[in-house]
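Single-structure report; data block below.
Please treat every number below as a calculation from the coordinates, not as lab data. These numbers come from a predicted model, not from an experiment. Neighbour counts run over all protein chains shown; Cβ positions are idealised from the backbone, glycine included.
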Amino acid sequence: MSRRPLPPGAAAALLAAAGTAALLADRIVSVAVLAVVLLAVCLRAPAERRGVYLFGALSTGLGVLLLSPFLWSSPDGTVLWEGWTFPVLGPLDVTTTELSEAALNGLRLTALALAFSAYALLLDHDRLVAAAGFARRSALAVALATRLVPSLERDAAGLAAAVRGRGIRLQGARGYATLLSPLVAGSLERATSLAEAMEARGYGRPGATRAPRPAWSRRDRAVLAAAPLVVLGAALWL
Amino acid sequence: MALAVVHEVEFAYPGSPRSLGPLSLELEPGEVVALLGPSGSGKSTLLRSLSGLVPHFHGGRFAGRVVVAGLDTRTARPADLAGSVATVFQDPEDQVVMAIVENEVAFGLENLGTRADRIWPRVERALGEVGALHLRGRKTAELSGGELQRVCLASALALEPQLLLLDEPTSQLDPEAARLFLDAVERLGATVVLSEQRVGRALELATRVLYVEDGRLLLDAPTAAARDWLEERRPRWASTTLERASGHPTRGSTRASEPILALSGIEFGYRGGSSVLNGAELSVGRGEIVALSGPNGSGKTTLAKIAAGLLDPDAGAVERTGLAGYLSQDPGRYVVCETALAEVALAVGGDEQRAQATLDRFGLGWAARRHPRDLSSGERERLGIAAVAVAEPDLLVLDEPTRGLDPDRKAELGRWLEQYAAAGDGVLVATHDQELPAHRRIELRAGSTQALQARELPVAV
């Protein structure tokens, strides 16, 4: 018999704990394990939805790994590559310490982004909003903002097709950057339409009630209680 | 006693000229009122006045008085009116708040403070009324446009409003989804104001008709009298045969002309999905309009994109001569520039003279310096067509160009397409609309492999 999935409140707490643990952990192996576990969790999402999230998470980590050795300098470790010396910045080199620190920070950021991806892809945001208690408005705002990611992806593809359909070729990052402003304007327009629809449906009126929802089981409460322990464990031992 | 009273209302959006009024009317309980008029005529503004969104949400200059169910909208906010008035907007994607269907329908009830034990029964009843009970546990993001719009209608009905406002609710839907939606409206028995461009079906549903033009109410009459008025003054709006496939307005095949596009053996499948096209054949000659039809999801958009060179097929041959232009579905959403003039000039290297001439041709000359997002949805659709047509591509590919267009504009588009083709260019239109003129109609249908193939329909020449 398959087990009932965790309620989103407990799952969100666990994901937040995993992300925090990745930020607190000092050992590269520990962070790598956390990132791999979170990646495995994300892979449970449908292939057509997870692509953009995984690309974002992995490219962010890779960006940190590639750039930070040049932006942060450490006198320790063995010099692996030595470049020019720039005024103000000093010598441009890559040392083993810088590289290992870059890998650690890259993995931390990747793990954090993967925790967010799992939240966005796999959790029932409606139940999260319902479980939010006094912070319902904030939870709803976060849920709506999360839903904006796939909308943005769809709008970006639509904009690119609309421009190409007029015989204009978008070339390189600069070409696609021209779509950024209309993309943001389109998102704002969507947000305004949604706000209008919400107001027309009585959002913000005093005396709101909640539809009854299944109560939390003992297992769900245990998972919620375990989340701070994961963070504590990471701070002390990882 | 009237359910709603609109008395000498005038309204102008911030920084804009007056868009509504002076206008007065009363709505009686149980009426189904069809609200007709060209795009940008003030229909949406009138509906927003009835829900209190004008002036509370939009700001602007408001004069006169609107009283709905005893609440004066000058003092009552839209959220206060929400128990008495419910609105379904044009685009279902822009009004959905929750991720699961039943939670979406429950959202309004929770806001109104409905007793907790009554919420789920009302959700169930509302979904049942629109024939969407089977969608109850589905994710809203996975529903089709038609399904989603029915969920939006259920969300409005669950509130048990005295007045239901429908603002072109079928403009984003294909004919079958629109028919199902309007059938659901017919069964309601509530007071309904239906702003709609599918005039024939709206007139069948309505007991009374309002016709608005330039913000003024030109007609307020029972449906039978309104039909006579429309027949005489606005003949295109009177035709109840608009949506009926009473015969394709097929222009008869042109003589075999120089081919501009030839697709043969086209196969295509999206990554991670099943095959969409399997061996599709299609050709368009100079001077020819070819209409591409078929059920939802049959691959019309995919084939249109392949024809325009926006997608490469997995297999098959594409032969195209000259420049191709492509107009996507819902083009009003995909505007890039700050003014309508710049938007149209984009495809001709910033040639504003040419862009202005094209705007004039599409009846948008007055909007040249306006921001495209300030235009009405119908005006934005026309702007999208102008932005593609300005470069005068040899092959013009249009994907559902008549969605949201009023009958006058649709007829104008038809005439313009005929002129465009007559000038020696080719036109390919992916459309459900049987009214658009075409020399040939191609239907995409499932073949033996369940993938879709193009089939030429027999036409009367």
Over the protein assembly as shown: helical MRE at 222 nm, DSSP H runs n ≥ 4 each giving -39500 (n - 2.57), nearest 500 = -14000 deg cm²/dmol
Could you line up B:VAL336, B:VAL130, B:VAL67 from fewest to most neighbouring Cβ atoms inside 10 Å?
-> B:VAL67, B:VAL336, B:VAL130
Percentage relative contact order, chain B, counting C-alpha pairs under 8 Å, at least six apart | 16 percent
Counting other Cβ atoms within 10 Å of each Cβ, which trypsin sites (Lys or Arg not before Pro) in region A:89-193 have at most 12 and sit in a DSSP loop?
-> A:ARG169
Where trypsin sites (Lys or Arg not before Pro) fall in DSSP loop in region A:1-98, at most 16 other Cβ within 10 Å | A:ARG3, A:ARG27, A:ARG44
Of A:ALA191, A:ALA143, A:ALA111, which has the largest mean-square fluctuation in a 10 Å C-alpha GNM of chain A?
-> A:ALA191
Surface/4 estimate of mean projected area, convex hull on alpha-carbon atoms of chain A, nm² | 19.5 nm²
Once the other residues with Cβ under 12 Å from the Cβ of B:LEU23 are scored (Lys, Arg +1; Asp, Glu -1), what is the net sum?
-> -2
How crowded by other chains is A:125-132, given as the mean number of beta carbons from other chains within 10 Å of each beta carbon?
-> 4
Rounded to the nearest 5, what % of the DSSP beta bridges within region B:4-238 are antiparallel ones?
-> 55 percent
Just A:LEU121, A:LEU34, A:LEU140 to compare: in a GNM of chain A, with alpha carbon springs under 10 Å, which one fluctuates most?
-> A:LEU140
Folded to 0 to 90 degrees: helix B:175-186 orientation relative to chain B principal axis, Cα | 10 degrees
For each of B:ASP214, B:ASP167, count neighbouring Cβ atoms within 10 Å of the residue's Cβ, then give the residues from fewest to most.
-> B:ASP214, B:ASP167
If you rank B:CYS152, B:CYS337, A:CYS42 by fewest surrounding Cβ atoms within 10 Å, what's the result?
-> B:CYS337, A:CYS42, B:CYS152
Toy charge model, Lys and Arg Cβ at +1, Asp and Glu Cβ at -1: chain B dipole around Cα centroid in debye, rounded to 20, equals 200 debye
Just need the relative contact order of chain A here, percent rounded to a whole number, with Cα pairs under 8 Å and 6+ apart.
-> 33 percent
Range in chain B, longest, excluding exposed trypsin sites (Lys or Arg not before Pro) [loop by DSSP; at most 12 other beta-carbon atoms within 10 Å] | B:1-114
Lysine pair number, Cα distance threshold 26 Å (strictly under), the protein assembly as shown, separation 8 or more or different chains = 4
For chain A, modelled as a Gaussian network with Cα springs under 10 Å, which listed residue fluctuates most, A:ASP155, A:ASP76, A:ASP124?
-> A:ASP76
What are the extents of the Cα atoms of the protein assembly as shown along their three principal axes, listed from largest to smallest and rounded to whole Å?
-> 89, 66, 58
